[in-house]
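Everything on this sheet refers to the single structure shown next.
The values are calculated or read from the model by the stated rules, or taken from the named source; none is laboratory data. Only a predicted model underlies this, so the values are computations on that prediction, with no experimental measurement involved. Reconstructed Cβ throughout: ideal geometry from the backbone, glycine too, with neighbour counts over all protein chains shown. The protein model used for the area step is the full one, side chains on, heavy atoms only, and it has no ligands, DNA or RNA in it. Shrake-Rupley method; radii C 1.70, N 1.55, O 1.52, S 1.80 Å.
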Amino acid sequence: MSSSATATQDMPQLAGFSGAFKILTAGLVFYPIGLLVSLYLTWFTAWAVLGHMPRPNLDDPKYISSLVDIPYAATSVLGTCMPGVFMAGLLGVFVLGRGLAPSLSASWAKSDWGKVRVGFVALGCFVVCWGAAVSFFVADPWDVFGWYMD
(Lines give C-alpha, C1' and ligand atoms only; values in the text may rest on other atoms or scores of the structure.)
Protein backbone atom coordinates (compact mmCIF):
# COMPACT_ATOMS: atom_id res chain seq x y z
CA MET A 1 0.00 0.00 0.00
CA SER A 2 1.11 3.54 -0.61
CA SER A 3 1.77 5.95 2.24
CA SER A 4 -1.20 8.13 1.27
CA ALA A 5 -3.55 5.14 1.37
CA THR A 6 -2.18 4.20 4.80
CA ALA A 7 -2.58 7.80 6.03
CA THR A 8 -6.17 7.86 4.80
CA GLN A 9 -6.95 4.56 6.53
CA ASP A 10 -5.35 5.78 9.76
CA MET A 11 -7.35 9.00 9.68
CA PRO A 12 -10.55 8.39 7.71
CA GLN A 13 -11.98 11.83 8.63
CA LEU A 14 -9.32 13.51 6.44
CA ALA A 15 -10.70 11.93 3.27
CA GLY A 16 -13.97 13.86 3.57
CA PHE A 17 -12.21 16.94 4.91
CA SER A 18 -9.97 17.41 1.87
CA GLY A 19 -12.59 18.99 -0.39
CA ALA A 20 -13.75 21.38 2.33
CA PHE A 21 -10.13 22.26 3.13
CA LYS A 22 -9.39 23.07 -0.52
CA ILE A 23 -12.51 25.23 -0.80
CA LEU A 24 -11.64 27.04 2.43
CA THR A 25 -8.08 27.65 1.26
CA ALA A 26 -9.33 28.98 -2.09
CA GLY A 27 -11.67 31.32 -0.21
CA LEU A 28 -8.78 32.58 1.89
CA VAL A 29 -6.64 33.12 -1.19
CA PHE A 30 -9.35 35.14 -2.98
CA TYR A 31 -10.52 36.94 0.20
CA PRO A 32 -9.12 40.39 -0.69
CA ILE A 33 -11.11 40.38 -3.92
CA GLY A 34 -14.26 39.94 -1.83
CA LEU A 35 -13.21 42.85 0.37
CA LEU A 36 -12.75 45.08 -2.68
CA VAL A 37 -16.12 44.00 -4.09
CA SER A 38 -17.78 44.78 -0.75
CA LEU A 39 -16.09 48.19 -0.54
CA TYR A 40 -17.13 49.16 -4.05
CA LEU A 41 -20.64 47.80 -3.52
CA THR A 42 -20.91 50.16 -0.55
CA TRP A 43 -19.71 53.04 -2.71
CA PHE A 44 -22.04 52.25 -5.63
CA THR A 45 -24.99 51.84 -3.27
CA ALA A 46 -24.23 55.23 -1.72
CA TRP A 47 -23.95 56.72 -5.21
CA ALA A 48 -27.37 55.33 -6.14
CA VAL A 49 -28.97 56.63 -2.93
CA LEU A 50 -27.36 60.08 -3.09
CA GLY A 51 -27.78 60.59 -6.81
CA HIS A 52 -24.16 61.73 -7.17
CA MET A 53 -20.72 60.25 -6.58
CA PRO A 54 -20.03 60.08 -2.82
CA ARG A 55 -17.57 62.74 -1.70
CA PRO A 56 -14.96 62.18 1.03
CA ASN A 57 -15.57 64.18 4.23
CA LEU A 58 -19.03 65.22 3.04
CA ASP A 59 -21.01 62.01 2.48
CA ASP A 60 -20.29 59.76 5.46
CA PRO A 61 -21.22 56.15 4.62
CA LYS A 62 -22.52 55.56 8.16
CA TYR A 63 -25.26 58.16 7.85
CA ILE A 64 -26.42 58.03 4.23
CA SER A 65 -29.19 55.44 4.30
CA SER A 66 -30.16 52.08 5.75
CA LEU A 67 -29.56 50.63 2.26
CA VAL A 68 -25.89 51.57 2.55
CA ASP A 69 -25.65 50.08 6.05
CA ILE A 70 -25.74 46.47 4.77
CA PRO A 71 -22.69 46.60 2.46
CA TYR A 72 -21.02 49.01 4.92
CA ALA A 73 -21.32 46.45 7.73
CA ALA A 74 -20.09 43.64 5.46
CA THR A 75 -17.05 45.71 4.49
CA SER A 76 -16.35 46.47 8.15
CA VAL A 77 -16.44 42.79 9.08
CA LEU A 78 -14.28 41.75 6.12
CA GLY A 79 -11.76 44.50 6.83
CA THR A 80 -11.56 43.63 10.52
CA CYS A 81 -10.91 39.96 9.78
CA MET A 82 -8.26 40.65 7.13
CA PRO A 83 -5.08 40.10 9.25
CA GLY A 84 -6.32 36.75 10.57
CA VAL A 85 -7.47 35.66 7.14
CA PHE A 86 -4.08 36.55 5.67
CA MET A 87 -2.30 34.33 8.20
CA ALA A 88 -4.82 31.50 7.75
CA GLY A 89 -4.43 31.77 3.98
CA LEU A 90 -0.66 31.49 4.23
CA LEU A 91 -1.03 28.46 6.46
CA GLY A 92 -3.52 26.87 4.06
CA VAL A 93 -1.25 27.46 1.07
CA PHE A 94 1.66 26.03 3.04
CA VAL A 95 -0.27 22.87 3.97
CA LEU A 96 -1.46 22.32 0.40
CA GLY A 97 1.87 23.11 -1.17
CA ARG A 98 4.22 21.27 1.10
CA GLY A 99 2.06 18.17 1.26
CA LEU A 100 2.16 18.10 5.07
CA ALA A 101 -1.09 16.17 4.98
CA PRO A 102 -0.61 13.67 2.11
CA SER A 103 -4.25 12.65 2.05
CA LEU A 104 -5.27 16.29 1.45
CA SER A 105 -3.13 16.74 -1.62
CA ALA A 106 -3.23 13.16 -2.94
CA SER A 107 -6.13 13.87 -5.28
CA TRP A 108 -4.35 16.90 -6.77
CA ALA A 109 -0.95 15.38 -7.31
CA LYS A 110 0.33 11.82 -7.08
CA SER A 111 4.07 12.50 -7.23
CA ASP A 112 6.29 14.71 -5.08
CA TRP A 113 6.97 17.00 -8.06
CA GLY A 114 3.22 17.36 -8.57
CA LYS A 115 2.84 18.48 -4.96
CA VAL A 116 5.58 21.05 -5.47
CA ARG A 117 3.79 22.36 -8.58
CA VAL A 118 0.49 22.55 -6.68
CA GLY A 119 2.30 24.47 -3.96
CA PHE A 120 3.77 26.96 -6.42
CA VAL A 121 0.41 27.47 -8.12
CA ALA A 122 -1.35 28.01 -4.77
CA LEU A 123 1.39 30.38 -3.57
CA GLY A 124 1.31 32.24 -6.89
CA CYS A 125 -2.46 32.72 -6.68
CA PHE A 126 -2.11 33.91 -3.08
CA VAL A 127 0.59 36.44 -3.93
CA VAL A 128 -1.22 37.70 -7.06
CA CYS A 129 -4.62 38.12 -5.37
CA TRP A 130 -3.33 39.77 -2.20
CA GLY A 131 -0.77 41.85 -4.11
CA ALA A 132 -3.36 43.06 -6.62
CA ALA A 133 -5.76 44.02 -3.83
CA VAL A 134 -3.08 45.92 -1.91
CA SER A 135 -1.98 47.66 -5.12
CA PHE A 136 -5.54 48.66 -5.88
CA PHE A 137 -6.01 50.00 -2.34
CA VAL A 138 -2.82 52.04 -2.71
CA ALA A 139 -3.80 53.39 -6.15
CA ASP A 140 -7.46 53.94 -5.12
CA PRO A 141 -8.43 55.64 -8.39
CA TRP A 142 -11.72 57.14 -7.15
CA ASP A 143 -10.67 57.67 -3.52
CA VAL A 144 -13.23 55.09 -2.42
CA PHE A 145 -11.15 53.90 0.52
CA GLY A 146 -10.60 57.50 1.63
CA TRP A 147 -14.36 58.09 1.44
CA TYR A 148 -15.07 54.91 3.39
CA MET A 149 -12.58 55.71 6.17
CA ASP A 150 -13.56 59.35 6.74
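Given N residues in the range 40-100, what is Rg(Cα) / (2.2 N^0.38 Å)? Before the final figure, lay out the partial values.
Details: Rg = 17.2 Å, N = 61, 2.2 N^0.38 = 10.5 Å.
Working it through for the range 40-100, the quotient is 1.64.
Which FRET efficiency value, to the nearest 0.05, is calculated for Val77 and Val121 with the Förster distance at 30 angstrom and r the Cβ-Cβ distance?
Values: r = 29 Å, r/R0 = 0.97.
Efficiency, from the Cβ-Cβ distance: 0.55.
Taking the simple approach of a point 7 Å from Cα along Cα-to-Cβ for both Met149 and Ser65, what is their distance in nm?
Going by the 7 Å Cα→Cβ label model, 2.7 nm.
How many nm separate the modelled label positions at Met53 and Ala132, each set 7 Å beyond the Cα in the direction of the Cβ?
So the two model labels end up 2.3 nm from each other.
Report, to the nearest whole %, how much of the accessible area of the range 22-63 belongs to carbon and sulfur atoms, 1.4 Å probe, protein only.
Values: 1650 of 2280 Å².
Roughly 73 percent of what the probe reaches on the range 22-63 is carbon or sulfur.
In nm, to one decimal, how far is the modelled label at Ala88 from the one at Asp140, with both set 7 Å along Cα→Cβ?
For the pair Ala88/Asp140, the computed spacing is 2.6 nm.
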